[in-house]
Amino acid sequence: MKNESNAASSDDTTATVERLLDQYTEIARLAGSLAHEIKNPLSTIRLNMELLAEDLGEPQSPAQRRAVKRVEIVCRECQRLQALLDDFLNYAKVRRLKLQPSDLNHQIDDVLDFFAPEAEEAGIEIVRYLDPQLPGVLLDREAFRRALLNLILNAKQAMSEGGQLVVRTAAQGDSVILHLIDNGPGMDENTASKMFEAFFSTKPGGSGLGLPTTQKIIAGHGGRINVQSDLGRGTQITIELPVPARIGSGEQLPQRATPKH
């Protein structure tokens, strides 16, 4: 009887999750359609502003110079809105993650090697402490790569005058832990608590959707992400990913829903 009760409870939970996913998918579809409808006239406005700027040519009078300046402002705002809509569409989309057994250290090394020239140019030293005995995890490698690169780029932007980025992995119980630690200026508690809120950004012109998208990707892997930061000392981002049970040959890998990144 107890087993039957547990099975019924599990079925109810699965049905609830599937229903919520269907609702989210429909909302995301409607939001995406609205964003596309906005992008079309926005592109037309931007194109006509660029053509108007060509017609104005070299301004001769003060009135013409004011007109050119206003056209440039409209063009710049159109570009900003275009970028915001692109980020929003990326945030709202839903896809099925294709999780595959992966070596987390190897994925991290690939991203850091790709980032190395940019880090050198920015005066950032990368220090790796990757546990060689780290258990394997299930990753959608492309989605995880984008999420990790986004976090690293955020750390780079925080260290505008150079600094050090420590990347550390470790096993912890039934999970693996990834720490990204920078020695940038850090954040106060209020700012850190809002980092993963949609549309919250401390960067001029930022959409505030990059980190929320990253959080959704990590959640799609069954993981968690959190931040610790101290003003004047730096910031630590921690990602926790589950270590899967042993997968037998021929078993289907699970798929999770998450926004396309």
State which residue pairs qualify: first residue farther than 13 Å from Leu99 by Cβ and inside segment 210-222, second residue of a type in the set (Lys, Arg) and in a helix (DSSP H, G or I) in any location, beta carbons under 9 Å apart, and separation of 6 or more residues or different chains. Thr213/Arg146; Thr214/Arg146
Collect the residues in segment 79-113 that are at pLDDT below 90, assigned to a helix (DSSP H, G or I) and of a type in the set (D, E, K, R), keeping them in residue-number order. Arg80, Asp86, Asp87
crowded, with 18+ Cβ neighbours inside 10 Å and within 27 Å of Glu161 (Cα to Cα): does that describe Leu104? no
Determine whether segment 224-243 contains at least one residue that is closer than 13 Å to Phe144 by Cβ and at pLDDT below 85. no
From Leu139, Leu153, grab the single residue that is touching a His at 6+ places or on another chain (Cβ under 7 Å) and on the phi < 0 side of the Ramachandran plot. Leu139
Scan segment 15-33 and give yes if some residue there is part of a helix (DSSP H, G or I), polar (S, T, N, Q) and modelled with pLDDT of 75 or more, otherwise no. no
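The values are calculated or read from the model by the stated rules, or taken from the named source; none is laboratory data. Since the structure is predicted, the reported quantities are computational estimates derived from the model, not experimental observations. Reconstructed Cβ throughout: ideal geometry from the backbone, glycine too, with neighbour counts over all protein chains shown.
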